[in-house]
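The values are calculated or read from the model by the stated rules, or taken from the named source; none is laboratory data. Note that the structure is predicted; figures quoted are calculated from it, not measured. Here the Cβ positions follow ideal geometry from the backbone for every residue, glycine too, while neighbour counts run over all protein chains shown.
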Amino acid sequence: MTQQTETFNLEYNFVVGVDLGTTNSAVAYVDLREDTRAIRLFGVPQLVAAGEVEDRAMLPSFLYLPGEYDLPAGATALPWARDRAYVVGEFAREQGARVPGRLVSSAKSWLAHGGVDRTAPILPWGARDGSPQVSPVEAAKRYLQHVREAWNSVYAPANHPDNAANRFEDQLIVLTVPASFDEVARELTVQAAQDAGFRRLVLLEEPLAAFYAWLAQHEDTWQQSMQDGQLILVCDIGGGTSDFSILGVRKGESGLRFDRLAVGEHLLLGGDNMDMTLGRHLETELMGAPGKLDTARWHQLVYQCRKAKETLLNSTEKADHVDISIVGASGRSLIGGTVRGALSHADVIRLILDGFFPADDLDAEPAGTRRRGLTELGLPYVQDPAITRHLAAFWRRFQGYLASETGRAAPYPDYVLFNGGTLIPAAIRDRLRAVIGDWFADEAGADWQPAELESAQLELAVAKGAAYYGRVRLGEGVRVGSGSPRAYYVAVETETRPETGEQTAVCLVQRGAEEGFEARLEELSFTALTNQPVSFRVFTSSTRLGDSLGDVVTLSADEVSELPPIRTVLRFGKGSVQRLPVRLGVHLSAVGTLEIWCYAEESDHRWQLAFDVRQAADGVTTDRGEILDQGLIEAAQAEVVDVYAGKGSPAKLRDRLEEVVGLPKEQWPTTLIRQLADTFIEHMDARSRSADHEARWLNLLGYCLRPGYGDPVDEWRMKQVWRLFLGGIEFPRDGQVRHEYWVLWRRVAGGLSAGQQNQLYHLLRVYTQPANQRKAPKGNLPKHVSSGETDEIWMA
């Protein structure tokens, strides 16, 4: 299986928690050089107006793509990127309210939208022809890239090389995702982070992060207040999603411990829906009917409704109403080109508390279909806006399992932890506690309500908890047991039975499997066509309980979600189509993603598979490319070993590798080149056999390791290659060796830390700065270089 870098084997100055939110993102960190291990917030520098940069506690998750004449020259410049042509953060949100057709919002929700190609430029949704658009992955990447660059501008500015070890790329980064994100949404989040330059990355689910934030505040006292068998309900309601989780308190070997017992399904329902509901209500009052405002005025109205909601639900302000004005509209109540109205406290109570948090019974069912809901701005929001009904259905789904796990005949949540900006108003939290209290009045007493685990700054708790979890990864703090929140299945029938909607499948990964879980599905064999497209249907469920690896089960449509299929080409032999019996294997990686492998029964061939994330709702797919049999990769590695053991010619090595794998070098996939890079690194010392051996070693290693990052193990690889720089080349007088040496560093320079790049510059400037050419190069570097070598040095 793919190698993983263990976080505790590396040195960091910081652990950084990043909450990539639907509406707002936040960053918190722990300075590991301090004994206090205090969690601090990072104020994110960002544009707040044209050309004005200020720190903010949060980075609004908005991207503005300006037109040629939208903004004055220099309006989008950042201190670290003067030529930046787009805007992220507060100014993007404000400018986007004026020109909504150029505003990207809710990118995180789009990452989980299986009905579109999430790697295609589709945002802003419905943009006019010719307007710039980006993919959901690209939008998320730009938010995360801004975080990285902003951090470096503060803690590792380019003009302070002594702080190079503080660069964001060199810290342990914990990035949060909803617990309800399926495997594809997680992989796309990882892709966005890696594209943004995140190298040392771990995923953490947001409800767990919120609980870790509470643990950080009560690390030394929680055991005195909790008991074995108690349950904690985590309600995480942000701008775009609602996420529920249940944690259990259990007796461990050295005292009480926590285990995550259940997670809910993905609910595209949150504060944004509430703001739009208030907006439609007020629009009807002001304009006589919904849908009368143009897009720009509608966005103004929704933004003001959000602010009014927060004011009217704030228990300390006790406001009766909030005045709202929409500039530049037309219609009734028009005074000076402005529509004026008011949102009252009674309106908010009726529309928000009674509409989204009604006092329904525990047996209330969410209205409408489970997945197909109303669509607003292209996103498939759930049909029933009543969060309490979704919460009731979630609890009922796991009630029997909770009873078996706790030994309680009628389990109820002893504690509730609230998280997310939507739950900041005490009125909403009080309503939720009252509703839950009514559900369990017979078991817990008429006046009972779950105790609230109070957490400061709900909108920032996820980032803080992520930073605390970074400490946990390094062996400090209290860990919550949290295996896979869902089970995975592979279909053994090609079609779902139409009369029942059921599907026969085999369990690939059981619910609760821990990080590092690895297994082969020995009980089930498929027949695959080699060198032709093949497809496997994969399902996931967070509600099915008790299924184990290899169990043949019948899945019903209301308990599973189907992931995009695994659709690829299994290369085997000389290219002819053959029927090949295969089995599947799985691995839960340390990063937080699922790997699926395909093994040939009658040989040692194996292939790592990938989800077709570009499948859209109509089922149309695009080619995922070819995946090499692992046996071919190992045969290629053997060719390298032979050459550096003196059994072959280095001049013919590239041709031999192309012949073995059946692909020209330009088409070698990442799975091949990174494993070849490992083989070259393993035989680093053998390059001393001859100048030809060293030149070929440098050439192919650089090609296989470029650009130096992007794979979870690249950081380790770059540490090994750095030894080459420190030790120098074996044949410094050979022109070809020197040339390939500079080409290597040009190809992999992106994977060097800031400190290494600074060191590289100081050692190589003797070749590029005439004033310094009289100084002799250090180490085994050549005394003189050709003009061609100088060009390569400049490009490095």
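Yes or no, residue by residue, for (1) closer than 27 Å to residue 250 by Cα; (2) assigned by TED's automatic domain parsing to the domain that holds residue 558; (3) not basic (Lys, Arg):
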residue: 392; (1), (2), (3): yes, no, yes
residue: 397; (1), (2), (3): yes, no, no
residue: 404; (1), (2), (3): yes, no, yes
residue: 407; (1), (2), (3): yes, no, yes
residue: 411; (1), (2), (3): yes, no, yes
residue: 417; (1), (2), (3): yes, no, yes
residue: 425; (1), (2), (3): no, no, yes
residue: 430; (1), (2), (3): no, no, yes
residue: 440; (1), (2), (3): yes, no, yes
### Task
Have a look at 408, 431, 396 and point out the one that is surrounded by fewer than 19 Cβ atoms within 10 Å (Cβ to Cβ), in contact (Cβ under 8 Å) with a residue 40 or more places away in the chain and over 28 Å from the mean Cα position of the chain (by Cα).
408
### Query
Which residues, taken from the range 539-565, are of a type in the set (Val, Ile, Thr) and without any contact (Cβ under 8 Å) to a residue 60 or more places away in the chain?
554
### Query
Would you say residue 344 is more than 24 Å from residue 179 (Cβ to Cβ), at pLDDT below 90 and either surrounded by fewer than 21 Cβ atoms within 10 Å (Cβ to Cβ) or of a type in the set (Lys, Arg) (or both)?
no
### Members of the range 51-63 found to be assigned to a loop (DSSP other than H, G, I, E, B) and buried (at least 17 other Cβ atoms within 10 Å of the Cβ), listed by number
58, 61, 62
### Task
Go through the range 64-74 and count every residue that is touching a Gly at 6+ places or on another chain (Cβ under 6 Å) and surrounded by fewer than 17 Cβ atoms within 10 Å (Cβ to Cβ).
1
### Message
Considering only residues that are touching a strand residue (DSSP E or B) at 6+ places or on another chain (Cβ under 7 Å), at pLDDT below 90 and in a loop (DSSP other than H, G, I, E, B), which ones fall in the range 179-213?
### Response
179, 180, 182, 200
### Message
Any residue at all in the range 694-704 that's outside any helix (DSSP H, G or I) and either of a type in the set (A, V, I, L, M, F, W, C) or surrounded by fewer than 19 Cβ atoms within 10 Å (Cβ to Cβ) (or both)?
### Response
no
### Summary
From the option list 569, 553, 509, single residue qualifying as over 24 Å from residue 113 (Cα atoms), buried (at least 17 other Cβ atoms within 10 Å of the Cβ) and modelled with pLDDT of 85 or more is 553
## Note on the structure
When restricted to 456, 467, 434, 505, the only residue part of a strand (DSSP E or B) and at negative phi is 505
### Query
Say we look at the range 591-608 and pick out the residues that are part of a loop (DSSP other than H, G, I, E, B) and touching a Leu at 6+ places or on another chain (Cβ under 7 Å); which of these is farthest from residue 483 (Cα to Cα)?
591
### Query
Which of the residues belonging to the range 150-163 are in a helix (DSSP H, G or I) and either surrounded by fewer than 19 Cβ atoms within 10 Å (Cβ to Cβ) or outside the structural domain of residue 43 (by TED's automatic domain parsing) (or both)?
153, 154, 161, 162, 163
### Task
Please find, among 74, 96, 21, the residue that is within 21 Å of the chain's Cα centre (by Cα) and either in the same structural domain as residue 167 (by TED's automatic domain parsing) or not in a strand (DSSP E or B) (or both).
21
### In the range 224-281, residue nearest to the chain's Cα centre (by Cα) [restricted to those that are closer than 17 Å to residue 413 by Cβ and not in a strand (DSSP E or B)]
264
